[in-house]
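In what follows, a structure is listed as structure tokens, so that the remarks can point back to it.
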Amino acid sequence: MLKYFGISKSLSDSAVRAPRHLPRSVFKDGLFPFSFRVTHAGAVYLGFVFLLSMTATGTGNNLMFIILAALLSSIVVSGIVSRNALKQIALSLQLPENVFAGEKVSIKISMMNLKRFFPSFSIRVQDPEMSRRESPFIRIRQWIAGGKSAPAGEMAIFRKAAYFPVLLPRETRSELTVQSFPKRGLYKLEGFWISTRFPFGFFQRGRLVAAEGEILVYPIVQNISVFSHLLPFLPGTIESPHPGPGETLFSIRKYQEAESARTIDWKATAKTGELMAREYAREEEGRFCLILDTHVQGSAPELDTMFEKAVSFAASIAAHFVREGTGTEFLTPSEYVPRGIGLDHLYRILRSLAVVKREKRKTAGPGWDLAHFPAVKNDRLLKELFSEKVFKIIVTSSPRESVPSAVLRSSHVVFFDEL
Amino acid sequence: MSFPRLFKAVSFCLISSGFVAITAAGIVTWISAILFSAVLIFSWVVDSARIERSVAGRILKFLAPGCIPLFIIDYTLLSRSFENAVFHLILFVAAIKLLTLSKDRDYLLLYVISFTQLLAAASRTVDPVFTACFLLFLFSAVASMILFEMRRSNARLQKEAKVHPVIVPRELHGTGMELFSPFPVKTMLVTCAGITLLILFISIPLFFLLPRATLGSYRQPSGKTLMTSGFSDRVELGHIGTIKQSDAVVMRVKTDKAFEELPHDIKWRGLAFDLYDGRAWTRSEQARNPIPTQGWYYKLENYTQRANLTNQTFFVEALSTDAVFASHRVLAVSRDVGRLRHDTLGNLYTSGHALNKLKYTAISDTITPDASEMSDLRPIPEDILRVYTRVPSVDPRIARLARRVTEKAANRYEKALTLERYLRSTYEYSLVLRGTPKSADPLAMFLFDVRKGHCEYFASALAIMLRQLGIPSRLVNGFRRGEYNSIGESWTVRQYDAHSWIEAYFPPYGWIEFDPTPPEPRPPRSALSRLLYDLSDAANLWWWENIVNYDSARQRRAVAAFLDRLDNVNSRIRGIAALAHGKIQSGARAFATGWIILLTIVALAAAAMLLIRPMRRLIIKPIRRRLVRENPRSLTIDFYEEAITLLGSKGMRLVRGQTPLEFAHGLRGHPAASAFLALTVMYNEARFARFDIRLRAREAEALLNALRESLSAGASRP
Amino acid sequence: MTKAVELESRIHLLQEAIETVVRGKPEAVKLALVCLLSGGHLLIEDVPGVGKTTLAHSLARVFDCTFRRIQFTSDLLPSDILGVSIYDRSTQSFEFRQGPIFANVVLADELNRTTPKTQSALLEAMSEGRVSVDNHTHPLPKPFMVVATQNPAEHHGTYPLPESQLDRFLLRIKMGYPDNEAEKEILRRQDGMPAVERIRPLMQAEDIIEMQELTARVHVDESLLDYLMAIVDATRRSEFLQTGVSPRGSLSLRRAAQSLACFEGRDYCIPDDIKSLVLPVLAHRVIVSSKYSSSYRRSEEAEVILAEILRNIEVPL
């Protein structure tokens, strides 16, 4: 059901621990050391305190000292209380198992207060990347570096902030947020960044709660009719003309001895006066294989967009055929998925399509052999796939001429630039 | 209670605390207080955001600048005080804001206004009402700021959500505030209380530790200046009498002598006068000369061997006179009195404190003259004789009377004593003020006609009579010892303690005090009012002495003392312990003030709240049941709800989604489990089968009782 | 009141009798009896060898009625189930030979192994209560109960019943493995389990019909109907479910709750009756949204989602 990214506990507060899979450069990224920030209101407050302290020491007015003492002690208490609020918080994220790019998905984020006595107030949960982007230090660094926008954070799972106003001791609360993933691919969860401005809103304190998790987002699947200009026909189940066990009536013939009495067709028997038996047609589903040629020549950025379109097209084809109930095989240079049916099989194919990458063309040659498709382990299988036994839809960027005619005869080829 | 309502409640608490503080301090009039309260209540009940948008709101905003002419009228005609007018203006602005509350910054403005009001009240007075307001302010400020921050964080999130159109904001939750419901109000308030206490706890040592640069230059401004007749340049006979009607506190004195040790006739000398013109006393010499300082003190005289030193600390209210009071003979005065000057009469003057309270220390030598040393043979210095024996033309009978009474006296000193005694025993004390016709001699009228008067008359009579006998004497106005406040260990001197006496010059001592006035009756004060007064008075004094006058000198002394103790471990522990104990005791006594009343009110309120629930159950519910014709179904539900409430009070609650039977089974192991199970079965039957519970009411009651018993039995078990 | 008590004792008699043969699965037996009393059909989903056949057979045994077992294979034809009209040359007419479906209790074993066409033949007969062949209708016996089984783990070469078809089954139960003690006892016995044949019939078919009618008269309070509808509404509105519970489903839940009430000797329903039956009655009728699940875990996921829904619905007081 919903994939449950195991509970991420923040066990000790002594030091912020980075999840192990993060590169060390993260520490320089300005997130971890600056887990404490002054807000706008806080700056005003500190300014006022400073002014007051000047006045108070100047005039020696004890009333001002009283106020100053109260204001300073508020700062101290604010620090203590906000630190306590962020302690012992566990978080978990629940996502659907099968997600498509661009699709609105509802995510449940749950926060649990592990403390026995103290409630936590006003906690905001974000992906660490998002908060990194907000940090003024990062912005300054980027501005110095030339304003190239940070690529990181695009593959973050949790793309929206959530806010929990109150969490009583030992209580769990959940928030449902709706978000979408922009592209296909592997999205990783780095952790959760929880921050609070509790109690007074003058200071913001944050900490990272380590977590691990990832999700594969499938490419966009569209209705096949969108591609009707590319596929002039919509193949279905093929019936092969052979007798055998099946459901459709093939013929009625004389009853033979030792045959099962079940096959007797009594109506025909009544008509003809002789025992007649039924024969059924054997259903044979034709084999179908979807081939995605990921070898692309050149490295222009337009090729990236075309490649993405190709992937999305392949996904849509696979979805259509599988939903029709056709046994589908899937082949790329790096992977071969044998025949299967059912939604699970579709997801299996989509999982490969989610991570498939564009590769540089290695061989200059014809390219339709084992060297080109190393995922297929033996030559015989490859020959079988390319034979007429298997109907194929091929998506490739190779020029038309490079496709062998034998292959062409039993397949329908779609070229990248047609998409 | 929902979040928006809670937020409004704490904000209003905050606003009220400032408002109550300034009302109690007398800065704003009662009329404006009542009007503002009405606005406050109205604004609480009504949704002011709607008003703001409506026509009424616009009218109000239009009226707002009309406050300025009102302010001018107020200042010039009504209250005549800048401070009062300003705060009336502030109150007006606050009232308009209250009626048109809509944005966050409106709330912020009201918070700031409340803070200002609290500050103003603080500078006026520190009394139980103020302290209560201060605590309330602190608590509601903490709560308001916390809730305010939560509101803003939520708004920030909603704003972000709108900015990214791909991400659909909170479709599932509505306006966002539902996120906050149900809001755990009790937890929030307890947390706020905890934070407030923590802040108080930390700010107290912080206050004492913050470095001070100056020497207690804070003069606590006083709202009122006491008019002090009798301490100006010219004192007519009868002036002192005018202030003797009032019981306003003039000053408080702390001495280093215990209550029993301090002579009962000690007086706080104010100003002496040497020139009498028949109706009034003045000073012949106006020159005021500076006094040399030595260390922390102004040094007036050297200490002699036989000195009987008394250390006095004066806490004087804002007075219209610049006289410095101290008991005769002053040897030194501390420098925090300001710029000290003196004149040839021995009067001490400071730079005036008509607006501020004043605090200083004086060291005096209280002389007890030895009669055997007084001999007429010692000569009186010429200049003194010249100045202090001048007598204007007065009724000749006065001189005759003086001579007659002192016939038998052996020496000058004896004569003075005799006259003093004579006046004291022969004439009556009376405070009735009588004007004297211009022609008459007031002293002669007093001595021969009326034969009664107040202290000025007695003193003037004695002074003149002594002068006519050739003994230098001068009139002194000041205050009597006052009333001892055993809680604060201080002497409270009021206006009715104002007194006149004389000083006469007798070598080798110099000027010696004589007081011919018979004892004056004190106005009676009930024991209770005395106790209450003493308590709050002592508290005020403690606050002023230790907080307001806390300065770098005290700080340094405190730190030095602390470091001293660090040297010796044993005495440190003992010392601190003893110190703490003493401080707690005196502090506790000082602070356990007439706030007994306040605490009683709070206790009554709490008791009332606690009693509400049982009261409801015992009285209201049965009445309701009998009045209303209940249908059996709601009776059944009531029956079950009662059982649930019983369990709820022990902390067992029905979880959402749980059926009654599941709940009952879940209690397994608890002593009340079987009773509750039986009850639940009966409830199920009554509820879901077509069944009238009234038919088995007795059984139902029995089950409830069984449940109650098993619950209390379970509770009493360890 | 006494009627309810009497009913309860009769039900318990049945229960005990079945439990002599079907050991260690009291819940399954109870639900099977509830299904019988409600006049509905039972679906058992489980791995082979846990006693599905035994349960179905003992159900039939315990009241004196016919029992037939149909083993579904991939080449089974509808006529193999319903029956066939045979031409008798001597009489020159067609004679209808009843298929195995004409029994009081029919065990349709491994229903998911056969083609959809054959499946629908059975299901139609189930819902209509009669068989139509060659323009003749032959009514099915009363009482009539189908106990179908599915093996949820196997997928290869199966035609799993879609949820719309599963809707016709009142209850879905899982047998599960017997508990340790019971299994040990089975192993201890040298002669295997007592044969189902040893169960003596306790009542007649008419008694069952009577009991069915009695259970249908159990009082269901209005607030309980509200509760039931709240649950059903929640399933329809839930974003995790593509399809919620149909009206047939809500009706089934009510009917089953009535029967369950009789188990405890009540002639009125309480919320617990409804709540405890939600999973068996509704879990197989809802369709979990495909993006939240892969098909092979659908049944568990349905149960999880339903449990979550139940947790959030307040029980009426």
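The values are calculated or read from the model by the stated rules, or taken from the named source; none is laboratory data. Everything numeric here is computed off the predicted structure, so don't read it as measured data. Neighbour counts are summed over all protein chains in view; Cβ atoms, including those assigned to glycine, are modelled from backbone coordinates with ideal geometry.
The criterion of at least 2 residues that are farther than 24 Å from residue A:186 by Cβ is met by the following helices (runs of 4 or more DSSP H) wholly inside the range A:312-419: A:379-386, A:405-409.
Of all the residues in the range B:392-420, those that are of a type in the set (A, V, I, L, M, F, W, C) and modelled with pLDDT under 85 number 3.
Determine whether residue B:494 is under 34 Å from the mean Cα position of the chain (by Cα), at pLDDT 75 or above and crowded, with 16+ Cβ neighbours inside 10 Å. Against the criterion (under 34 Å from the mean Cα position of the chain (by Cα), at pLDDT 75 or above and crowded, with 16+ Cβ neighbours inside 10 Å), residue B:494 qualifies. Residues in the range B:675-692 that are within 14 Å of another protein chain (Cβ to nearest Cβ) and assigned to a helix (DSSP H, G or I): B:677, B:679, B:680, B:681, B:682, B:683, B:684, B:685, B:686, B:687, B:688. Screening the candidates C:234, C:307, C:230, C:257 for the property of being buried (at least 24 other Cβ atoms within 10 Å of the Cβ) and either without any contact (Cβ under 8 Å) to a residue 60 or more places away in the chain or farther than 23 Å from residue C:6 by Cα (or both) yields one hit, C:257. Inside the range B:372-385, residues that are in a helix (DSSP H, G or I) and surrounded by 11 or more Cβ atoms within 10 Å (Cβ to Cβ) make up a count of 3. Set side by side, the residues B:372, B:351 differ, and just one is out of contact with any Lys or Arg (no Cβ under 6 Å at 6 or more places or on another chain) and not charged (D, E, K, R), which is B:372. Of the conditions (1) crowded, with 22+ Cβ neighbours inside 10 Å; (2) more than 31 Å from the chain's Cα centre (by Cα); (3) part of a strand (DSSP E or B), residue B:331 satisfies every one except a single condition; which number is it? Among (1) crowded, with 22+ Cβ neighbours inside 10 Å; (2) more than 31 Å from the chain's Cα centre (by Cα); (3) part of a strand (DSSP E or B), residue B:331 violates only (1). For the range A:67-98, the set of residues classified as of a type in the set (A, V, I, L, M, F, W, C), away from chain B (no Cβ under 11 Å) and not in a strand (DSSP E or B) consists of A:86 only.
Taking each residue of the range A:155-175 that is at the interface with chain B (Cβ under 9 Å from one of its Cβ atoms) and under 16 Å from residue A:196 (Cα atoms) and looking for partners that are assigned to a strand (DSSP E or B) and among the aromatic types (Phe, Trp, Tyr) with beta-carbon atoms closer than 6 Å, six or more apart or interchain, yields A:166/A:121. When A:201, A:206 are screened for being assigned to a loop (DSSP other than H, G, I, E, B) and touching a helix residue (DSSP H, G or I) at 6+ places or on another chain (Cβ under 8 Å), only A:201 passes.
For the range C:59-66, the criterion of being surrounded by fewer than 20 Cβ atoms within 10 Å (Cβ to Cβ), modelled with pLDDT of 85 or more and of a type outside the set (S, T, N, Q) is satisfied by no residue at all.
In this structure, is residue B:466 modelled with pLDDT of 85 or more, in a helix (DSSP H, G or I), touching a helix residue (DSSP H, G or I) at 6+ places or on another chain (Cβ under 9 Å) and over 16 Å from residue B:327 (Cα atoms)? Yes, satisfied. For the range B:466-475, the criterion of a residue being among the hydroxyl-bearing types (Ser, Thr, Tyr) and in contact with a Ser or Thr (Cβ under 9 Å, 6 or more places away or on another chain) is satisfied by at least one position. Restricting attention to the range B:17-38, the residues that are part of a helix (DSSP H, G or I) and either surrounded by fewer than 18 Cβ atoms within 10 Å (Cβ to Cβ) or touching a strand residue (DSSP E or B) at 6+ places or on another chain (Cβ under 9 Å) (or both) total 7.
Matching residues to (1) modelled with pLDDT of 75 or more; (2) in contact with a Pro (Cβ under 8 Å, 6 or more places away or on another chain):
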| residue | (1), (2) |
| --- | --- |
| A:328 | yes, no |
| A:339 | yes, no |
| A:351 | yes, no |
| A:366 | no, yes |
| A:374 | yes, yes |
| A:385 | yes, no |
| A:409 | yes, no |
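Within the range C:27-41, residues that are under 14 Å from residue C:11 (Cα atoms) have Cβ atoms under 7 Å from residues that are acidic (Asp, Glu) and assigned to a helix (DSSP H, G or I) in these pairs: C:29/C:19, counting only partners at least 6 apart in sequence or on another chain. Here residue B:360 meets each of (1) touching a helix residue (DSSP H, G or I) at 6+ places or on another chain (Cβ under 7 Å); (2) under 26 Å from residue B:284 (Cα atoms) with one exception, condition (2). Counting residues in the range A:309-326 that are among the charged types (D, E, K, R) and within 19 Å of the chain's Cα centre (by Cα) gives one or more. Within the span defined as the range A:267-280, one or more residues are at pLDDT below 75 and within 13 Å of chain C (Cβ to nearest Cβ). What are the residues in the range B:149-184 that are more than 7 Å from chain A (Cβ to nearest Cβ) and at pLDDT 85 or above, if any? Answer for the range B:149-184, where residues must be more than 7 Å from chain A (Cβ to nearest Cβ) and at pLDDT 85 or above: just B:151. Take the residues in the range C:267-278 that are buried (at least 24 other Cβ atoms within 10 Å of the Cβ) and not hydrophobic (A, V, I, L, M, F, W, C); name whichever of them is nearest to the other protein chains (Cβ to nearest Cβ). Restricting to residues being buried (at least 24 other Cβ atoms within 10 Å of the Cβ) and not hydrophobic (A, V, I, L, M, F, W, C), the top hit is C:271. Scanning the range A:382-407 for residues that are free of Cβ contacts under 8 Å to residues at least 12 places away in the same chain and surrounded by 14 or more Cβ atoms within 10 Å (Cβ to Cβ) yields A:383, A:384. Inspect the range C:116-125 for any residue being outside any helix (DSSP H, G or I), at pLDDT below 90 and farther than 21 Å from residue A:277 by Cβ and give the result as yes or no. Looking through the range C:116-125, none of the residues is outside any helix (DSSP H, G or I), at pLDDT below 90 and farther than 21 Å from residue A:277 by Cβ. Residue C:212 - would you say it is more than 30 Å from residue B:692 (Cα to Cα) and not hydrophobic (A, V, I, L, M, F, W, C)? No, not satisfied.
If the condition is being closer than 16 Å to residue C:247 by Cβ and more than 14 Å from chain B (Cβ to nearest Cβ), then the range C:210-231 contributes only C:229.
Elements of the type helices (runs of 4 or more DSSP H) sitting completely within the range C:159-220 and holding at least 2 residues that are surrounded by 12 or more Cβ atoms within 10 Å (Cβ to Cβ) and of a type in the set (Asp, Glu): these cover C:180-188, C:205-216.
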